[in-house]
Amino acid sequence: MKKSTFAAMILGTVGGILFALGMCMALIPEWNAFRPGIIMGVIGAAVLLATVFVWRRMENKAPVKLSGKTIGAILIGVVGALLLGVGMCLTMVWSNMAVGIIVGIVGIMALLCLIPFIKGLK
């Protein structure tokens, strides 16, 4: 295993755990830890963002260039993930099965649209 892959794996794991634990702290009312949860979640997100820069630097790759296509792909990914999550919440938390399934399927379709959007069709 290359050093860059190992470093990205460790940083990604630490960042993911911090982010997930922070979101649990913020969203589970029994824990009474909303503010510390937000802080921990932001720290986890920062570690995950730093992972990208560290890995690209260790691989001697150029920095990510922000173009219209890159921003569009990010927006499609964020909207698709949010729709999928809202669909899951509608079905499991709010007991609104039909609407939740439809919203979740729309989110899955948005995420599937990322593949041809990024890679292109041949």
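Each value in this text was obtained by applying a stated rule to the coordinates, not by laboratory testing. What you see is a predicted model; the values in this text were computed from it and never measured. No Cβ is skipped: glycine too gets one built from the backbone with ideal geometry, and neighbour counts run over all protein chains shown.
Assorted remarks:
- GLY77 meets each of the listed conditions (1) in a helix (DSSP H, G or I); (2) more than 28 Å from GLY120 (Cβ to Cβ) apart from (2).
- Residues that are under 11 Å from ALA8 (Cα atoms) and among the hydroxyl-bearing types (Ser, Thr, Tyr), drawn from the range 49-77: THR51
- Any chance ALA45 is of a type outside the set (Lys, Arg), surrounded by 15 or more Cβ atoms within 10 Å (Cβ to Cβ) and in contact (Cβ under 8 Å) with a residue 24 or more places away in the chain: yes
- Considering residues of the range 1-42 that are surrounded by fewer than 15 Cβ atoms within 10 Å (Cβ to Cβ) and of a type in the set (Ser, Thr, Tyr) only, the residue nearest to ILE74 (Cα to Cα): THR13
- The number of residues in the range 53-93 that are surrounded by 12 or more Cβ atoms within 10 Å (Cβ to Cβ) and either in contact with an Asp or Glu (Cβ under 7 Å, 6 or more places away or on another chain) or of a type in the set (Ser, Thr, Tyr) (or both) comes to 2.
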